[in-house]
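Note sheet for the following structure.
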Amino acid sequence: MTDPLIPARLAFAADGTPFSPDYDDVYHSADGGAAQAHHVFLAGNGLPARWQDAARFTILETGFGFGLSFLAAWHAWQEDPRRSARLHFVSVEKHPFSAQDLAVLHAPHADLAPLASELRDAWPMLVPGLHRLEFAQGRVVLTLAFGDAAALLPQLRLAADAVFLDGFAPAKNPDMWSPELMKAVARLCAPGATAATWSVATPVRESLRAAGFAAEKRRGFARKSEMLVARFVPPRSLRPPPPRPAERSAAVVGAGIAGAAVGERLAARGWEVTLVERHLEPALEASGNHAGTFHPVLSSDDSHLARLTRAAFTYLLEHWRQFDAIGAAPEWRRCGVLQLARDAREEAAQQAALEALAPPLDYAQRLDARQASACAGVKVAAGGLWFPEAGWIRPRSYARALLRRSGARLLAGREVAALEQAGTRWILRDREGESIVEAGAIVLANAADAMRLAPSEHIRLRRVRGQLTYLPPIGTLRCVLLRGGMVLPPIEGITVTGASFDLDDTDPSVRAESHEGNLERLERIVPGASAEFDPRQLAGRTSFRTVARDRLPLVGPLEQAPGLYGALAFGSRGLLWAGLGAELLASQMEGEPLPLEVALADALAPARFALKARRRAGSTASRP
């Protein structure tokens with residue numbers, strides 16, 4: 001269960017220094033926050049010298065505050081002509097500020113103003129979990145972990161080169177300096193990592209040493225005479241990192257949204273990417289629908305599904321904002337999504353979920369039937385959850401935007417019949433046995449067809465036939481409506497409603513009976529809206545989705561062979577999940593900090609089914 005996120009309160013000490021009423025302590029020295037960050041955290045970790053000429057440098061911070069240390073590090077990196085090719089900054093914050101409060105806090109720091117403005121523009125909604133933001137054309141990556149450090153640090157996966165140990169004074173906030181937390185920090189450090197902090201309290205020194213750090217005192221900042229610097233000297237061998245492809249080239253099978261998203265994320269890291277598509281154009285299967293919706297999911301227990309959709313939703317909003325900024329955006333709109341309750345039981349469940357998570361109003365809120373109808377522009381059948389930042393997107397435009405931005409090579413009209421491993425390289429062959437392309441890694445993003453190329457005794461994928469119905473505009477509908485089905489506002493004069501869910505039905509035709517089912521769903525959402533339509537006269541589209549047994553996608557290394565990966569089985573949420581799934585996969589392939597908590601990444605790992613099978617077998621074998 002995830003605790004609700006409680007934002008920080010904006011306050012100042014008598015001398016004007018930012019102050020926390022909750023911890024009765026200041027956010028930085030009265031002698032200057034940026035100067036303190038440079039002296040303690042940057043110089044204390046040997047920066048910028050240590051990141052010079054590196055391919056990647058990773059910093060872990062234990063308290064983001066209002067981002068001054070991040071901004072100082074970003075500024076120093078930007079000014080360094082020998083800076084690392086990529087800078088990762090991972091920071092945990094239990095009580096984040098709102099973007100409006102950040103503007104007040106950043107105002108005194110004129111030298112950091114341009115970077116601070118970029119940070120505020122990208123600032124995520126204040127909901128728990130990990131949020132990945134990119135700056136400097138993707139070369140500076142900020143991963144914000146909103147929540148309690150004790151709970152979140154064990155859920156991070158990274159190898160830090162430097163650690164900024166920040167947080168309120170040990171006497172005010174002892175949990176941030178405990179031996180358990182320092183051990184969690186140590187587990188996230190690369191061999192030889194350094195750490196620095198302004199605190200020299202005895203419990204801090206002892207916690208660092210117990211976690212494997214050799215700590216020593218240095219001259220402190222301004223009126224503070226001493227500070228601590230430390231080097232990670234693990235007492236035992238660390239677990240080796242997961243194997244990575246020997247060369248940074250990848251062939252992606254499938255050029256729908258899933259494959260295009262993987263291609264874009266790998267290309268952003270400098271990989272040579274080739275997408276192989278069996279059709280003559282990309283995004284002609286499930287990604288070829290007229291339009292679809294994206295929105296979060298709430299549950300009172302904050303399930304894996306709810307957490308995954310929350311992370312994917314906030315990631316997409318920022319990712320698409322970047323597309324907008326460079327004029328390469330897909331066709332999408334934040335028109336809002338109403339998830340209407342189907343009955344009293346679901347209404348109670350929605351209310352319980354809101355109370356459990358306590359999200360900000362810009363993420364989710366509850367509307368009664370009258371309020372919902374006012375938002376929708378038509379009279380709806382019930383109240384429900386209102387997601388004001390959600391909306392619709394045209395899938396093919398999304399896939400094409402991803403392909404344009406990646407610059408990846410597209411081989412269309414080429415069907416992959418077999419995969420062949422030759423040393424550290426992979427060869428994709430057609431039905432005649434001719435080589436289509438060679439690469440250091442293969443990513444299968446071709447839905448159910450993936451198991452034809454890489455059979456697995458543990459992975460079982462099923463196809464779901466989904467038929468959409470296309471209608472003329474319905475009244476003055478202006479947002480997306482959900483209630484056991486979906487209705488979109490008119491897009492280029494077409495209202496999309498549906499979809500059928502026909503498990504293991506392989507019929508590609510558009511059927512009147514499926515239109516009839518979609519009209520029944522429409523009637524439950526907007527009473528009276530379906531009366532004028534004849535199912536036998538309607539247009540629509542049929543496509544096929546792929547689902548795994550647990551209805552979660554498969555993202556990560558496939559167990560069949562090294563260098564083989566999957567990004568598939570996104571089901572009906574490919575529009576929402578594919579982007580974050582691609583970022584997760586690219587991070588795994590590069591050995592970068594993950595954009596998801598470990599529990600969620602493990603829940604998506606294709607190897608999860610084999611692991612469960614081994615556990616069942618072990619449990620059976622151990623019985624008398």
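The values are calculated or read from the model by the stated rules, or taken from the named source; none is laboratory data. Being a predicted model, the structure only gives us computed values, none of them experimental. Neighbour counts are summed over all protein chains in view; Cβ atoms, including those assigned to glycine, are modelled from backbone coordinates with ideal geometry.
When the residues of region 31-64 are filtered to those that are touching an Asp or Glu at 6+ places or on another chain (Cβ under 9 Å) and polar (S, T, N, Q), which remaining residue is farthest from M227 (Cα to Cα)?
Of everything passing the filter in region 31-64, Q52 is farthest from M227 (Cα to Cα).
Within region 547-576, which residues are closer than 15 Å to R462 by Cα and in a loop (DSSP other than H, G, I, E, B)?
Scanning region 547-576 gives R549, D550, R551, L552, P553, A569, F570.
Specify the residue that is modelled with the highest pLDDT; the eligible residues are those in region 443-456 that are in a loop (DSSP other than H, G, I, E, B) and within 17 Å of M589 (Cβ to Cβ).
A445
What pairs come out if I take residues in region 175-203 that are in the same structural domain as F221 (by TED's automatic domain parsing) and farther than 20 Å from H28 by Cα and pair them with residues that are surrounded by 15 or more Cβ atoms within 10 Å (Cβ to Cβ) and among the polar types (S, T, N, Q) whose C-beta lies under 6 Å away, six or more apart or interchain?
P179/S207; M182/S207; T194/N45
From the list A578, A605, exactly one residue is out of contact with any Pro (no Cβ under 7 Å at 6 or more places or on another chain), under 20 Å from D449 (Cβ atoms) and touching a residue at least 40 places away in the same chain (Cβ under 8 Å). Which is it?
After ruling out the rest, the residue left standing is A578.
Which condition breaks for R342 when tested against (1) in a loop (DSSP other than H, G, I, E, B); (2) buried (at least 18 other Cβ atoms within 10 Å of the Cβ); (3) over 16 Å from the mean Cα position of the chain (by Cα)?
(2)
Can you tell me which residue in region 352-369 is farthest from S303 (Cα to Cα), limited to those that are of a type outside the set (A, V, I, L, M) and exposed (fewer than 15 other Cβ atoms within 10 Å of the Cβ)?
Top of the filtered list is D368.
What number goes with the only condition from (1) at pLDDT below 90; (2) surrounded by 15 or more Cβ atoms within 10 Å (Cβ to Cβ) that A30 does not pass?
(2)
Do we find a residue being aromatic (F, W, Y), farther than 20 Å from I393 by Cα and at pLDDT 95 or above anywhere in region 574-594?
no
Among the numbered criteria (1) within 30 Å of the chain's Cα centre (by Cα); (2) of a type outside the set (V, I, T); (3) not assigned by TED's automatic domain parsing to the domain that holds L156, which one does N45 miss?
Here N45 clears every test but (3).
Please count how many residues of region 88-140 are free of Cβ contacts under 8 Å to residues at least 12 places away in the same chain and within 14 Å of F70 (Cα to Cα).
3
If a residue has to be part of a loop (DSSP other than H, G, I, E, B), surrounded by fewer than 17 Cβ atoms within 10 Å (Cβ to Cβ), in contact with a strand residue (DSSP E or B) (Cβ under 7 Å, 6 or more places away or on another chain) and among the charged types (D, E, K, R) to count, how many in region 461-504 make the cut?
1
Residue check: is A13 in the same structural domain as A160 (by TED's automatic domain parsing) and either surrounded by 15 or more Cβ atoms within 10 Å (Cβ to Cβ) or over 29 Å from the mean Cα position of the chain (by Cα) (or both)?
Spelling it out, it is not the case that A13 is in the same structural domain as A160 (by TED's automatic domain parsing) and either surrounded by 15 or more Cβ atoms within 10 Å (Cβ to Cβ) or over 29 Å from the mean Cα position of the chain (by Cα) (or both).
Only one of (1) part of a loop (DSSP other than H, G, I, E, B); (2) surrounded by 15 or more Cβ atoms within 10 Å (Cβ to Cβ); (3) without any contact (Cβ under 8 Å) to a residue 40 or more places away in the chain fails for Y23. Which number is that?
For Y23, the exception is condition (3).
Any idea how many residues of region 293-332 are at pLDDT below 95, under 14 Å from the mean Cα position of the chain (by Cα) and assigned to a loop (DSSP other than H, G, I, E, B)?
Here the count works out to 0.
Please specify each residue of region 567-620 satisfying the condition of being over 30 Å from L482 (Cα atoms), of a type in the set (G, A, S) and in contact with a helix residue (DSSP H, G or I) (Cβ under 9 Å, 6 or more places away or on another chain).
A586, S587
Where residues in region 428-442 are in contact with a Lys or Arg (Cβ under 7 Å, 6 or more places away or on another chain) and in a loop (DSSP other than H, G, I, E, B), which of them is surrounded by the fewest Cβ atoms within 10 Å (Cβ to Cβ)?
D430
Within region 47-54, does at least one residue satisfy the condition of being assigned to a helix (DSSP H, G or I), touching a residue at least 60 places away in the same chain (Cβ under 8 Å) and over 27 Å from P128 (Cβ atoms)?
There is at least one residue in region 47-54 that is assigned to a helix (DSSP H, G or I), touching a residue at least 60 places away in the same chain (Cβ under 8 Å) and over 27 Å from P128 (Cβ atoms).
Can you give me the ranges of the strands (runs of 3 or more DSSP E) entirely in region 147-265 with at least 3 residues that are within 29 Å of W77 (Cα to Cα)?
160-164, 189-197, 213-219, 226-232
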